[in-house]
Amino acid sequence: MSTVQLVVLAAVAFGGAAYIWRGVKRSMQADARFFTDLVQRLTPILEAKGFRLTRHVYMPKSFGHRIATFEGPAFIVDAAWEGRDREILLLQRQLDQSMSQPETTWAGLTFRRERQSRSTRAQSTPL
């Protein structure tokens, strides 16, 4: 291979990597806006029922998981975005139960956000 061919190949590889990273970054930003909007919509609904938002975390090293925790008088509701599987989980648990104990979750709903040519569609599937 000549020097010109190597330079062109490197430029194409770099351009492709930049294009892919740009798409990944846009997707991460869209996920952040989506989950923030969900939390903002859930907050007044749950506050009317005596809940308050006590935690809203983002875990970038864990596939971009996001969790919002609402504590109520009788139980806790966790809204979680599973970054890897691109699912939203709404989990209900007792006040004294840890989120790290999946067997303690006694009710939940899963919503999958699917990509479809620049639009999103939510499907609900009860667990």
Query raised in the report: For the pair MET28 and THR3, what calculated FRET efficiency results from E = 1/(1 + (r/R0)^6), where r is the Cβ-Cβ distance and R0 = 41 Å, to the nearest 0.05?
Result: 0.65
**Report entry** Ascending count of other beta-carbon atoms within 10 Å, so fewest first, for PHE70, PHE34
**Finding:** PHE34, PHE70
Report task. Tell me the label-point distance for the pair SER62, VAL12, using the 7 Å Cα-to-Cβ offset, in nm and rounded to one decimal. Result -> 4.2
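A short reminder: the numbers here are calculations on the coordinates, not readings from a lab. Model, not experiment: these values are computed from the prediction. For neighbour counting, all protein chains shown are included, and Cβ atoms are generated from backbone atoms with ideal geometry for every residue, glycine included.
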